[in-house]
Structures are given as structure tokens and as C-alpha cells.
Amino acid sequence: MILVLNAGSSSLKIEVFDDRLSSVISGRVTNLGTTGELKLDETASEVDARNHAHALELMLAALDTAGFPLTSFTAAAHRIVHGGAVLTAPARLRPPVIATIESVIPLAPLHNPNNLAGIYALQDMAPDLPQYCSFGTAFHATNPEVATRYAIPQTHHDAGIRRYGFHGLSYANMVADFADALPERLLAFHLGNGASLCAIHNGKSIATSMGYSPLSGLTMGTRSGDIDGAAVLRMSKSLGEDETDRMLNKNAGLQALAGDNNMKTLLERKDDDAKFAVAHFCYWAARNAGSAVVAMGGLDAVAFTGGIGENAAPIRDRIMEHLACFGDVPVHVIAADEEKQIARDALALIAEGR
């Protein structure tokens, strides 16, 4: 069995998969650093997890009690948000790989350190257990340079300022879900509190809406999406760099337009602000989609995933109304499952003897 870990800023999530990629059990520890909850399937209890290492210790003890001791796992696999320009495929976590993940922390300072905390903790507790990792940016490594290069001086490009793209594990899982039925030119939407799209041509990402960070592209729950750099500079002069960063990532998007980032709530509301926020979300999703269709040279199908993409039919319908100019194409809804993709990647590496 494979133990999949996702160490976030204030939580630790786990899911166990068997060798056929069937989910066996899942759980999470929340509110690290204060009073939170440990949930394992339907069992929940209050815990005070000090940090990721303590949270993992508590979760492994709960798994053992549930009949899944550490010795029952063939390997562990981790979600890493950013692999930079070097780590563009799943990998076994050996010292050089870990060192490279550490080296790209400046590209994901809020995420990679937490991901690494889960790796370090498990290394200490089970040094002989093989560990693997999958990267949220890796699926977009097939984008051509013309799609990833910003028109900036070479020195800044060499320093890592380029488009990377995110939600790659979600898109990779979508491709695997389609299997032999994968359309040649697939416009894929991952719509949740974070939202992006991807132009998938013959199973490969050739363009995506997120760039250097997850801030760019579509209107999102609390992120602004695309905004002129000069506007950011002006706001930064007024608010300061840190507050501008916080505003654009935490207090923008649907939250700024309607005072709420919950799409279900916005769809239920009848006021003008809520209606405008929904319209803005759909308009910019479709407008970004136009560029993705150009990148693919046409469109054969559209697929939606993510919390909004899977559950909000009115949003899917409105986006497709905008895209009617590209013809009547099949629309698919795919369950988001990044953990399954991480387990799939680990099993493939194990099968290759890596």
C-alpha cells in the first residue's frame, strides 16, 4: 500500500491506496499549532498538534489503531507544490532531489517548506521507507518556451521569473481518467477557490493560465487573477509590498467583488454584487479559454474538475455559453483526485525499479 501525504500550512492530509489505486482510508489533522481535529475516515477526535512532525506522529498512531501499521506501507508519496524548472517529473526522494526542492523555496515560500516538513518528519520516523514525490508544476513542463517566457531581460529569466503553471496533478489525473478516450484537443478547467485552465493537446499541457505564481489567470475565490503590473506597483506604493500581496491573494477575486468567496452562496444570492461576481468569474474563465483554444489550434472537448467545476452546473453552462462560438463540443465532468495521481506516480516509479 502507498501512503500519500499532503502537508499544508496548517494541516496534514493523508490517504492510503492499494496497488490497484483504490482508496483504502483517508484522514487529516487540522489547525496545527493550536487545538484542531484528527479525522480518520468517520472517526474524529480533538488534538493539539504542535507541528507537522507531531501531526504525523498522531496520524500514524491512529492508522496503526485502525489496522494500518507503518510496516504495512510499501512506500510513501508526497505532494510538492513547486519543482521549479528542474524537477519536471515524479521522483524518488533522495538527498539530491530534496536539496533541489529546498533550492526552489523562493518560488513557493508559502508551500514548499510545509511540503518538506512532512518529508523530514517521515524520514525521522521511518528512515527505511522509500519516499516519492510529485510536483504541481511538472505537468506544464511540456509548454513550449514561447508560452513560458516573459518578455523581460535575460538576467531576470535566468533568476527563475517565468511561467510555471499549477494544478498540474489535477490535470494529470484528468488525462489518466480519460485513458484511451482522451480527446486530441482538450480544454481543461480546474475551478475551485483557486481556478485555472489548461490547453491539453495529445495528453500534454501546451498552455495554462497560471504563471509565475498561482495569482495570475482566471478570477478566483480570493485571488485577483490577471492584473496589470503597473496597477500592482501603484497599490504597493500605497499599501506596501506585504499588504498588497495579502490583498491580491487573500482579499481579491470573488471576495472583493461580492464579499464572499463561496460560489454556492453567490449563486443563491439575488443581489447585483453576487450576480456581477458570478458573471466576472465566467467571463474571464471563457476569455482565457479563447487563448488556450488558439494554442491548440482548435477544440475537440471541454472538461471541468475542482469543487466548482464538478458541482456548479450553472457555472459550467455559462462558461459554455461564452464558448459556443467554438462549436458544439462534448463537455465532461471529472472528479478531482490529486492524491490518486500522486499514488499513481509512485507506483509507476516502483514498477520501474526506481
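Nothing in this text is a laboratory measurement; each read-out follows from the coordinates by a stated rule. Predicted, not measured: the structure shown is a model, and the values here were computed from it. Note: ideal-geometry Cβ built from the backbone for every residue, glycine included; neighbour counts use all protein chains shown.
So the values come out like this:
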read-out	value
Relative packing of 218-228, 99-109, which averages over residues the other C-beta atoms within 10 Å, highest first	218-228, 99-109
Within the chain, percent of DSSP bridges classed antiparallel, to nearest 5	65 percent
Cα shape, the stretch 103-201, gyration tensor, a/c 1.5 rule	oblate
HN-Hα J in Hz across the stretch 115-124 - Karplus 6.51, -1.76, 1.60, θ = phi - 60°, x for Gly and Pro	4, 5, 4, x, 5, 4, 4, 6, 4, 5
Gained length - Arg246 relative to Ala159, 0.36 nm times residue gap less alpha-carbon distance	29.0 nm
Percent RCO, i.e. relative contact order, over the chain, from Cα pairs under 8 Å lying at least 6 residues apart	15 percent
Cα-based shape type of the stretch 254-354, given that a ≥ b ≥ c are square roots of the gyration tensor eigenvalues and the cut on a/c is 1.5	oblate
Cross-link pairs beyond the 32 Å C-alpha cut-off, checked among Lys270/Lys340; Lys204/Lys275; Lys13/Lys237; Lys39/Lys264	Lys270/Lys340; Lys204/Lys275; Lys13/Lys237
Gyration tensor (alpha-carbon) shape descriptor, the stretch 2-135, a/c threshold 1.5	oblate
Inverse of mean 1/r across different Cα pairs in the chain, Kirkwood, Å	21.3 Å
Full-extension gain in nm, Leu129 to Asp41, via 0.36 nm per residue minus C-alpha separation	29.3 nm
Residue with peak Gaussian network fluctuation, the chain [Cα springs, cutoff 10 Å], from Ala138, Ala126, Ala195	Ala126
C-alpha long axis of helix 229-239 to longest principal axis of the chain, angle in °	70 degrees
Nearest-ten-degree value, helix 241-250 long axis tilted from longest Cα axis of the chain	90 degrees
By average C-beta atoms within 10 angstrom, highest first, the peptides 276-285, 259-268	276-285, 259-268
